[in-house]
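Some notes on the structure that comes next.
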Amino acid sequence: MSQGNTRVTAQVVHAQACPVREVLDRVAGKWSVLIIVAAAHGPIRFTELERSIEGISRRMLTLTLRNLERDGLLTRTVHATVPPKVEYELTPVARELHASLLGLTDWAERHRVTIAESRAAYDVAHGRGLDAG
């Protein structure tokens with residue numbers, strides 16, 4: 001890095017104290033994004049989320065839902081029925097975030113093949129095996 005970029009370096013080093021990073025660490029996680037996308041069409045139950053998000057464990061789903069609720073991105077409603085019915089719904093803040101995620105999703109879909117081709121070319125050029133990540 002050139003001498004002219006020392007300010008940028010200092011900003012990167014101190015980024016951990018940045019509130020933006022704290023929020024991004026939470027909402028940009030794989031499970032958070034998938035939950036926000038799954039809940040975008042209205043109230044959704046725990047079991048519906050569990051079925052729609054491939055690979056998530058019950059524990060991870062519970063923890064992520066709790067964190068999203070704590071951050072004000074989801075509301076949790078318990079209906080007094082037998083058995084109890086619990087629904088999760090995006091808050092207005094999360095709906096705004098979902099709108100931004102749609103742009104990212106569109107970008108990913110448009111460039112998925114290009115990225116896969118670039119990875120394959122890189123792996124060949126650098127002698128990496130197919131199972132390298």
>> Given the condition exposed (fewer than 13 other Cβ atoms within 10 Å of the Cβ), more than 17 Å from the chain's Cα centre (by Cα) and part of a strand (DSSP E or B), answer yes or no: does some residue in region 54-77 qualify?
In response: yes
> Any residue at all in region 36-45 that is at pLDDT below 95 and charged (D, E, K, R)?
Replying inline: no
> Across region 63-111, what is the total count of residues that are of a type in the set (Ser, Thr, Tyr) and in contact (Cβ under 8 Å) with a residue 40 or more places away in the chain?
Replying inline: 2
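Report the residue count in region 111-126 for those that are surrounded by fewer than 10 Cβ atoms within 10 Å (Cβ to Cβ) and part of a helix (DSSP H, G or I). Break it down stepwise before answering.
Just the residues of region 111-126 that are surrounded by fewer than 10 Cβ atoms within 10 Å (Cβ to Cβ), to begin with: 113-114, 124-126.
Checking the rest, the ones that are also part of a helix (DSSP H, G or I) come to 113-114, 124-125.
Selection size over region 111-126: 4.
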>> Tally up the residues in region 78-101 that are of a type outside the set (Asp, Glu), assigned to a helix (DSSP H, G or I) and modelled with pLDDT of 90 or more, please.
In response: 7
> How many residues, within region 32-53, are of a type in the set (A, V, I, L, M, F, W, C) and in a helix (DSSP H, G or I)?
Replying inline: 8
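The values are calculated or read from the model by the stated rules, or taken from the named source; none is laboratory data. Worth saying up front: this structure is predicted, and the values here are computed from it rather than measured. No Cβ is skipped: glycine too gets one built from the backbone with ideal geometry, and neighbour counts run over all protein chains shown.
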